[in-house]
Every structure is written in C-alpha cells, then in structure tokens.
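**Student:** Below is a structure I'd like to ask you about.
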Amino acid sequence: MEPHNQSSLAEFVLLGFPRVGHIRGWLFVLLLLAYLFTICGNMLIFLVIRLDAALHTPMYHFVSILSFLELWYTATTIPKMLANLLSDKKTISFAGCLLQTYFFHSLGASECYLLTAMAYDRYLAICRPLHYPAIMTPVLCAKMAAGCWTCGFLCPISEIILVSQLPLCGYNEIQHIFCDFPPLLSLACKDTSTNVLVDFAINAFVILITFPFIMVSYGRIIGTVLKIKTVAGRKKAFSTCASHLIVVLIFFGSIIFMYVRLKESYSLTLDRTLAVVYSVLTPLVNPIIYSLRNKELIKAIKRTIFRKGAKASPTQH
C-alpha cells in the first residue's frame with residue numbers, strides 16, 4: 001500500500017464500538033447518563049468544597065482539584081464517543097486526533113501525580129499529625145497542585161511529536177473508541193519500535209514514580225492505623241483513606257496493563273474494555289466514593305443546598 005504522510009491523510013475513522021447493532025441506542029443512553037452523572041457529581045464536589053469554608057483543608061483542596069481534572073478528562077473523549085454512536089460518519093481530523101491523544105494523556109498523567117500528592121497528604125496527616133499543619137501549608141498545596149498539572153502536560157509532548165512525523169498508510173480506520181498512541185502506531189508505514197520504546201519509557205517512568213510512592217505511603221498509613229488502640233479511631237482513620245485507595249487501584253490497575261508493555265500488537269477487545277474502565281468508569285465512581293463515603297462532604301452539600309434555598313426563598317414579614 002502506498003504510504004501517505006500526515007498532510008495527505010486529513011482524517012481518521014474512529015470505529016468505536018463495532019458490531020453493537022440494535023443496542024447502539026441503549027449504549028448511547030448509558031454512556032450519556034454516565035457522562036451527565038460524572039459532570040454533575042464532580043462539579044458539585046468542586047463547587048461545594050470551594051464554597052464551604054469548613055472544607056478549606058489540604059485534603060479537600062486536592063479532592064476539588066481531582067474533580068476539576070475529571071471534568072476535562074472525560075470531556076476529551078466521551079462527547080466524541082456519543083457523537084459517533086449517533087452518526088454513520090465517525091470521522092476525526094488528523095489535528096483533532098493528535099489533540100485528543102495529547103490532552104487525554106496529559107490529563108491522565110496529571111491525575112497520576114495528583115493521586116500521589118493526595119497519598120502524601122494522607123501520610124502526613126495520619127503518620128505525622130503533629131508536624132502536618134506546619135508542613136502541609138496552603139503555599140505547599142498550591143505548589144504541589146501546580147507541579148502535578150505542569151509535569152502532566154509535559155509528559156506526552158515527545159510522544160506526540162514522534163507520532164506526528166510518522167508516514168501513515170492510506171488505511172485510516174482507528175480500531176479504538178478514541179484516538180490513542182497504540183492504534184495510531186498500527187497505521188504507520190514504517191517501523192515504530194522507537195515510538196513503542198519511547199511510549200513505554202515515559203509511561204513506565206510516570207507510573208514507577210507515582211504508584212510505588214502511593215503504595216508505600218499507604219503501607220505506612222496502615223501500619224500506623226493498626227497501632228491505634230481504639231476501634232473507633234482505627235475506623236475513622238481507615239475511612240478517610242479507603243476511598244482514595246479504591247480510586248488508585250481501579251485507575252492504576254487499568255493503565256498499567258494498557259500502557260506499560262513492550263509490544264506493538266494488542267487485543268482490540270481487551271483494550272476497548274480497559275479504555276472504558278479508565279476513561280469512563282473511574283471518573284464516574286469518583287463522585288460516588290468521595291461523597292457517599294464521606295459524611296463531612298455530605299453535610300457540606302446539605303449546608304450549601306439549604307443555604308442557597310434559604311436565599312432563594314422570599315423573606316416573610
């Protein structure tokens with residue numbers, strides 16, 4: 001097949017969910033409901049934490065940033081998935097595909113770093129409570145958050161540059177539900193071992209920095225919690241960390257299997273399933289975990305709603 005570079009291959013066809021047939025409508029409804037719940041849930045958490053002074057603590061500061069990040073993380077992929085389920089023409093431009101890939105990976109890397117910052121915050125709060133207020137100051141929180149975003153957005157730049165320079169074949173169907181590096185590399189008309197190696201190195205670097213740090217932090221947290229004499233004290237300490245750990249295991253479990261592998265061939269069905277887990281499921285469960293499992297946040301949501309309702313009601317004389 002005659003190779004074409006990126007300038008002559010103007011658009012791609014995103015195959016998305018193949019062979020869905022008559023259940024396409026149901027799949028659209030389920031995905032739309034999941035997206036609306038993700039948007040509303042994360043927006044609610046973000047606004048309540050920002051508006052309620054009682055939640056202006058480092059832990060909730062990071063939770064609000066995570067919710068804000070999830071809003072953009074889902075916006076990079078799910079709207080296009082929804083459009084493709086309704087349309088017979090499932091196309092995306094070359095530039096649009098690269099931008100989707102870049103923002104999806106940059107926001108994903110930012111989430112890795114942010115979850116690490118949250119683990120460090122919990123470690124200090126539980127293992128070094130006397131030093132916690134002096135160490136985890138608002139200035140440090142702001143610097144850590146800025147560092148997470150900056151490092152995250154720098155990570156995929158080299159990968160994007162390399163894949164944008166690949167000569168692409170005329171075959172332009174992307175066997176995935178959104179644009180990503182593995183399916184893009186499968187369209188190249190040259191050896192992509194360098195791209196695969198760079199992708200592996202960057203993904204492994206990010207994950208090997210963040211995931212072990214998180215696990216070590218929680219290992220020390222669990223060790224400290226087990227030393228607490230009262231059952232109520234242990235339960236309270238565990239409850240503040242259990243939600244974070246659930247999110248970490250779901251998110252990292254899927255991306256480790258998806259991206260930290262030295263091979264160019266991959267299972268389409270498995271990769272689509274994993275993509276749904278870390279692009280749809282994880283942002284969906286975040287509002288559930290951080291609200292339903294957090295009594296303080298539930299109380300803050302009720303205070304905010306009742307306060308707004310009181311202001312909206314007419315004053316009676």
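The values are calculated or read from the model by the stated rules, or taken from the named source; none is laboratory data. What you see is a predicted model, and the numbers here were worked out from it, not measured in a lab. Every residue, glycine among them, receives a Cβ derived from its backbone with ideal geometry; neighbour counts consider all protein chains shown. Side chains are part of the model used for accessible areas, which takes the heavy atoms of the whole protein and leaves out ligands, DNA and RNA. Shrake-Rupley method; radii C 1.70, N 1.55, O 1.52, S 1.80 Å.
**Student:** Take the residues in segment 77-91 that are touching a helix residue (DSSP H, G or I) at 6+ places or on another chain (Cβ under 7 Å) and not in a helix (DSSP H, G or I), then tell me which one is farthest from Thr150 (Cα to Cα).
**Tutor:** Step by step, filter segment 77-91, then rank; the result is Lys90.
**Student:** What residue, among those in segment 42-57 that are part of a helix (DSSP H, G or I) and out of contact with any Leu (no Cβ under 8 Å at 6 or more places or on another chain), is surrounded by the most Cβ atoms within 10 Å (Cβ to Cβ)? Explain how you work it out, then say what you get.
**Tutor:** Taking segment 42-57 first, the residues part of a helix (DSSP H, G or I) are 42-51, 53-55.
From what is left, the residues that are out of contact with any Leu (no Cβ under 8 Å at 6 or more places or on another chain) are 44, 47, 50-51, 53-54.
Details: Leu44: 17, Leu47: 14, Arg50: 14, Leu51: 14, Ala53: 7, Ala54: 11.
Out of the qualifying residues, it is Leu44.
**Student:** Ok, one more. Starting from residues that are touching a residue at least 12 places away in the same chain (Cβ under 8 Å) and among the β-branched types (Val, Ile, Thr), keep the ones in segment 225-251 and report whichever is most open to solvent (accessible area, probe 1.4 Å).
**Tutor:** Let us first name the residues in segment 225-251 that are touching a residue at least 12 places away in the same chain (Cβ under 8 Å), namely 225, 237-248, 250-251.
Now drop any that are not among the β-branched types (Val, Ile, Thr), which leaves 225, 240, 246-248, 250.
On the way: Val225: 1, Thr240: 52, Ile246: 69, Val247: 1, Val248: 0, Ile250: 52 Å².
Only one residue fits best here, namely Ile246.
**Student:** Of the residues Lys263, Lys295, only one is farther than 22 Å from Ser110 by Cβ and modelled with pLDDT under 70; which? Explain how you work it out, then say what you get.
**Tutor:** Values: Lys295 fails: modelled with pLDDT under 70.
It is Lys263.
**Student:** Right, next: Looking at (1) open to solvent by 40 Å² or more (accessible area, probe 1.4 Å); (2) in a helix (DSSP H, G or I), which is the one condition that is false for Tyr60?
**Tutor:** The failed condition is (1).
**Student:** Considering segment 16-33 alone, what residues qualify as being modelled with pLDDT of 70 or more, more than 26 Å from the chain's Cα centre (by Cα) and closer than 19 Å to Thr273 by Cβ?
**Tutor:** Ile23
**Student:** Output the number of residues of segment 141-153 satisfying the condition of being touching a residue at least 12 places away in the same chain (Cβ under 8 Å) and open to solvent by 50 Å² or more (accessible area, probe 1.4 Å).
**Tutor:** Our first condition is that a residue be touching a residue at least 12 places away in the same chain (Cβ under 8 Å); within segment 141-153, this holds for 141, 144-145, 147-149, 151-153.
Pick out the ones that are also open to solvent by 50 Å² or more (accessible area, probe 1.4 Å) and you get 149, 151, 153.
Counting residues in segment 141-153 that are touching a residue at least 12 places away in the same chain (Cβ under 8 Å) and open to solvent by 50 Å² or more (accessible area, probe 1.4 Å) gives 3.
**Student:** Please enumerate the residues belonging to segment 164-196 that are among the aromatic types (Phe, Trp, Tyr) and open to solvent by less than 30 Å² (accessible area, probe 1.4 Å). Write out each step before concluding.
**Tutor:** Step one: list which residues in segment 164-196 are among the aromatic types (Phe, Trp, Tyr), which gives 171, 178, 181.
Phe178, Phe181 - these are the residues of segment 164-196 that are among the aromatic types (Phe, Trp, Tyr) and open to solvent by less than 30 Å² (accessible area, probe 1.4 Å).
**Student:** Could you say which residue among Glu70, Glu11 is acidic (Asp, Glu), modelled with pLDDT of 90 or more and either crowded, with 21+ Cβ neighbours inside 10 Å or out of contact with any Leu (no Cβ under 8 Å at 6 or more places or on another chain) (or both)?
**Tutor:** On the way: Glu11 fails: modelled with pLDDT of 90 or more.
Just one listed residue meets the conditions, Glu70.
**Student:** From Ile207, Ile161, Ile222, grab the single residue that is open to solvent by 10 Å² or more (accessible area, probe 1.4 Å), within 19 Å of Tyr73 (Cβ to Cβ) and part of a helix (DSSP H, G or I). So that I can check it myself, show each step before the final result.
**Tutor:** Numbers: Ile161 fails: within 19 Å of Tyr73 (Cβ to Cβ); Ile222 fails: within 19 Å of Tyr73 (Cβ to Cβ).
Of Ile207, Ile161, Ile222, the one residue that is open to solvent by 10 Å² or more (accessible area, probe 1.4 Å), within 19 Å of Tyr73 (Cβ to Cβ) and part of a helix (DSSP H, G or I) is Ile207.
**Student:** On to the next question. If Leu107 meets every condition in (1) aliphatic (A, V, I, L, M); (2) free of Cβ contacts under 8 Å to residues at least 12 places away in the same chain; (3) in contact with a helix residue (DSSP H, G or I) (Cβ under 6 Å, 6 or more places away or on another chain) apart from one, which number is that one?
**Tutor:** For Leu107, the exception is condition (2).
**Student:** Can you tell me which of (1) crowded, with 21+ Cβ neighbours inside 10 Å; (2) among the aliphatic types (A, V, I, L, M); (3) under 22 Å from the mean Cα position of the chain (by Cα) is the one Ile126 doesn't meet?
**Tutor:** (3)
**Student:** Okay, next question. For a quick check of your reading of the model, give me the residue pairs whose first member lies in segment 111-137 and is touching a residue at least 40 places away in the same chain (Cβ under 8 Å) and of a type in the set (Gly, Ala, Ser), whose second is part of a loop (DSSP other than H, G, I, E, B) and open to solvent by less than 40 Å² (accessible area, probe 1.4 Å), with beta-carbon atoms closer than 9 Å and at least 6 apart or on different chains.
**Tutor:** Matching pairs, first to second residue: Ala125/Met136.
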